[in-house]
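Quick note: the coordinates plus some simple rules give every number you see, no bench work behind them. If you're wondering where the values come from, they're calculated on a predicted model, not measured in any experiment. Heads up, the Cβs are rebuilt from the backbone with ideal geometry, glycines too, and the neighbour counts pull from every protein chain shown.
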Ligand SMILES: Cc1cc2nc3c(=O)[nH]c(=O)nc-3n(C[C@H](O)[C@H](O)[C@H](O)COP(=O)(O)OP(=O)(O)OC[C@H]3O[C@@H](n4cnc5c(N)ncnc54)[C@H](O)[C@@H]3O)c2cc1C
Ligand SMILES: Cc1cc2nc3c(=O)[nH]c(=O)nc-3n(C[C@H](O)[C@H](O)[C@H](O)COP(=O)(O)OP(=O)(O)OC[C@H]3O[C@@H](n4cnc5c(N)ncnc54)[C@H](O)[C@@H]3O)c2cc1C
Ligand code: SF4
Ligand code: FES
């Protein structure tokens with residue numbers, strides 16, 4: 001491409017590493033692992049961007065962040081400008097810069113990645129957002145005059161928070177109902193402090209409150225009130241963003257023994273309830289010496305790294321396929337390895353063994369080998385007969401997936417769900433089979449990503465605005 | 001934030017409180033519970049909604065002081081706030097006219113069974129209630145239970161009041177005496193519920209128990225509260241809290257309730273020393 005040929009010298013700057021806590025230190029604390037770019041490193045990295053006329057990065061971004069524009073602002077030292085550019089399309093840049101799988105999105109399609117290393121877009125995004133927040137430079141944008149219409153959002157995860165922000169700016173009276181005592185969804189109860197400091201999520205929720213969003217915690221919709229009750233109270237539209245929060249167990253013998261957790265429970269105790277600070281905080285958690293985590297996704301990596309920080313001497317990942325098939329982000333696998341996690345790949349648990357008090361003492365596993373590719377294109381694992389062996393453990397965390405929680409669908413007559421219990425929507429608008437009810441995020445797609453949940457919230461905001469005010473944005 | 005409207009000690013270790021929670025008060029049905037979190041550092045604990053007053057907007061809870069959180073709550077007074085109150089949670093009791101129903105409450109379980117007893121009587125059942133405790137001073141809600149039942153029998157383990165013996169002995173006598181019993185509700189300590197379920201099983205009397213599994217979110221998100229019923233894993237918070245007593249694996253429940261014994265002890269100890277020392 002022409003622009004590459006005209007600015008060849010810019011490619012010579014290598015992709016800038018982000019400083020990190022040393023693995024030996026960080027397994028002893030819950031502080032964030034990567035420390036962020038200092039300004040001069042951010043400028044250096046930003047200068048690597050060759051400002052493509054047809055930027056590949058933007059195509060890879062589910063919410064069309066104007067990537068070259070914010071990077072150019074960083075390169076010019078205009079960090080606050082960069083933060084504002086980001087926020088025009090992505091209301092949670094400090095979160096996304098940390099947890100988005102950039103290697104599968106913008107950085108995957110970055111032109112520089114074709115020959116060498118892509119621009120570190122995620123690190124730059126994080127840098128700009130942190131810079132703005134750390135300096136207290138977050139400004140509250142002008143909000144449209146109240147238009148007298150009320151929208152209820154169920155669930156304060158990334159999808160619900162995004163739509164709340166978008167609609168309040170358009171003049172809607174927005175109330176978010178959240179089941180737990182704290183807003184944030186998976187960002188607050190699931191993803192650990194060492195990957196996403198809770199202060200960042202709290203700052204984002206505060207920002208929305210300052211914009212005028214009302215957040216009602218401890219409100220389990222379906223129990224305290226139903227969607228029909230909300231309409232009766234005068235809401236004009238409802239957005240369902242309750243996530244895919246129900247844990248999946250494997251249904252193998254012994255799985256209910258003491259010491260065996262779902263990843264949701266283990267992470268909720270540690271993150272939401274701050275059990276890692278017990279007894280300063282009241283909620284206890286088992287600090288196992290030998291901990292096995294079942295699964296190979298991000299949730300499994302978060303659990304196993306939590307186990308190490310809680311003092312595990314041996315922390316295992318037990319995963320039935322090989323490393324290539326592991327759905328976790330490469331960065332997380334890499335961090336887990338650095339920290340000393342032991343990977344038992346092509347291994348599947350078949351039974352738990354326990355002592356007389358019903359406490360787990362061992363996990364009986366079977367070796368697996370990869371067979372033919374399955375529907376998902378991944379080679380499906382098949383057990384090797386007679387290859388069973390036992391690993392001694394005192395704590396197990398089952399991280400093999402989540403599914404839809406039925407509380408809202410089951411209390412909303414006429415709201416159609418699919419076979420797995422996820423809400424069926426019409427295209428990208430998030431419209432459901434019930435008039436005035438929209439849905440998005442994990443409760444529609446099944447477990448996905450923060451940015452996709454946010455994208456769904458943004459699209460539904462446009463659809464609701466269109467339906468209630470007859471206005472098309474964009 | 002919910003404020004405490006009134007507080008009363010029912011016995012040396014059992015406290016009754018009315019808490020302002022108007023929406024919950026209007027919506028709750030017999031058999032449902034709330035999750036409370038006292039303060040920022042607090043644990044989330046489940047407590048049954050014993051009664052509610054739609055006009056005043058209050059719910060009543062009755063709890064036994066067994067550890068850090070319940071001790072912390074017992075130290076609060078009218079006018080103080082509880083940071084988080086979430087509910088109503090769990091499935092309401094299925095109230096029908098079964099005929100002759102026996103409601104059995106042990107210890108603080110009497111508080112849990114009281115709203116169910118009341119609802120069953122209102123639905124036209126003939127209700128015989130049996131309430132028990134270790135000793136006389138620990139018997140709670142005798143008057144209320146008496147008013148909510150056609151007949152009330154009180155039992156104490158040490159014989160200091162009412163019938164000398166366990167509530168299960170009283171039930172056995174009723175059965176032996178030829179009483180026709182259509183339905184039994186039993187709520188109390190795990191060994192008591194297990195004993196009642198074992199007792200009624202051979203007679204084929206349907207027995208409903210309410211399980212007190214350890215909970216965190218109480219919305220079906222974590223699985224902390226899982227129990228085994230008829231060989232199937234169920235979540236107490238969303239599938240229960242009431243289950244068919246003849247199908248419950250009580251030993252598993254008892255084991256899981258002991259999961260944090262050591263840490264609970266540590267927490268309680270720390271609390272007691274703190275509140276005496278400072
Ligand atoms: C441990 C873990 C790590 C992850 N790591 C990553 C990562 O690194 N990168 C990434 O992109 N994605 C990651 N994900 C996935 C990502 O977090 C989810 O896809 C995303 O949070 C979905 O957003 P959501 O808004 O749809 O739902 P959620 O975040 O699940 O939020 C739903 C909210 O609704 C509330 N709710 C549920 N039922 C009710 C009700 N009846 N009434 C009121 N409120 C209700 C819940 O309490 C919750 O707060 C991870 C997930 C987990 C569990
Ligand atoms: C649906 C339900 C309704 C209940 N209703 C009542 C009630 O009306 N009155 C009453 O006195 N008690 C009730 N309980 C039990 C009550 O929740 C526990 O006694 C309380 O959590 C103890 O907290 P603690 O910090 O004081 O004691 P801890 O020292 O934490 O624990 C003492 C005991 O309580 C159990 N426990 C601890 N944490 C929890 C938890 N988060 N959830 C459940 N049990 C726990 C433990 O097994 C332990 O044996 C109910 C439990 C459930 C599940
Ligand atoms: S594709 Fe890469 S080099 Fe091109 S504009 Fe985007 S970030 Fe810059
Ligand atoms: S308490 Fe978490 S699922 Fe029941």
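Quick notes
Conditions (1) touching a helix residue (DSSP H, G or I) at 6+ places or on another chain (Cβ under 7 Å); (2) at the interface with chain A (Cβ under 10 Å from one of its Cβ atoms); (3) more than 9 Å from ligand 4 (Cβ to nearest atom), marked per residue:
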{"site": "B:217", "(1), (2), (3)": "yes, yes, no"}
{"site": "B:222", "(1), (2), (3)": "yes, yes, no"}
{"site": "B:227", "(1), (2), (3)": "yes, yes, yes"}
{"site": "B:232", "(1), (2), (3)": "no, yes, yes"}
{"site": "B:237", "(1), (2), (3)": "no, no, no"}
{"site": "B:241", "(1), (2), (3)": "no, no, yes"}
{"site": "B:244", "(1), (2), (3)": "no, no, yes"}
{"site": "B:251", "(1), (2), (3)": "no, yes, yes"}
{"site": "B:265", "(1), (2), (3)": "no, no, yes"}
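- Restricting the stretch B:209-222 to residues that are surrounded by 24 or more Cβ atoms within 10 Å (Cβ to Cβ) and over 14 Å from residue B:253 (Cβ atoms), the residue that is nearest to the chain's Cα centre (by Cα) is B:218.
- Condition check for residue A:180: part of a loop (DSSP other than H, G, I, E, B), away from ligand 3 (no atom under 16 Å from the Cβ) and either under 29 Å from residue B:232 (Cα atoms) or in contact with a strand residue (DSSP E or B) (Cβ under 9 Å, 6 or more places away or on another chain) (or both): yes
- The criterion of at least 3 residues that are within 14 Å of another protein chain (Cβ to nearest Cβ) and touching a strand residue (DSSP E or B) at 6+ places or on another chain (Cβ under 9 Å) is met by the following strands (runs of 3 or more DSSP E) wholly inside the stretch B:1-40: B:33-37.
- Residue, nearest to ligand 2 (Cβ to nearest atom), within the stretch A:64-118, restricted to residues that are out of contact with any helix residue (DSSP H, G or I) (no Cβ under 7 Å at 6 or more places or on another chain) and part of a loop (DSSP other than H, G, I, E, B): A:101
- When each of B:27, B:68 is tested for being crowded, with 24+ Cβ neighbours inside 10 Å and over 26 Å from residue B:207 (Cα atoms), the lone residue that passes is B:68.
- The stretch B:159-171, residues that are at negative phi and either within 22 Å of the chain's Cα centre (by Cα) or part of a strand (DSSP E or B) (or both): B:161, B:163, B:164, B:166, B:167, B:168, B:169, B:170, B:171
- Subset of the stretch B:230-254 [closer than 22 Å to residue B:90 by Cα and part of a helix (DSSP H, G or I)]: B:236, B:237, B:238, B:239, B:245, B:246, B:247, B:250, B:252, B:253, B:254
- Residue match in the stretch A:416-424 (condition: away from ligand 1 (no atom under 16 Å from the Cβ) and either closer than 21 Å to residue A:223 by Cα or touching a residue at least 60 places away in the same chain (Cβ under 8 Å) (or both)): yes
- Cβ-Cβ under 8 Å pairs, at least 6 apart or on other chains, the stretch A:100-123 side under 14 Å from residue A:13 (Cβ atoms) and within 14 Å of chain B (Cβ to nearest Cβ), far side more than 10 Å from ligand 3 (Cβ to nearest atom) and in a helix (DSSP H, G or I): none
- Residue, farthest from ligand 1 (Cβ to nearest atom), within the stretch A:235-252, restricted to residues that are part of a strand (DSSP E or B) and farther than 19 Å from residue B:233 by Cα: A:237
- Listing of strands (runs of 3 or more DSSP E) fully contained in the stretch A:253-357 that carry 1 or more residues being more than 14 Å from chain B (Cβ to nearest Cβ): A:290-294, A:314-318, A:342-344, A:347-354
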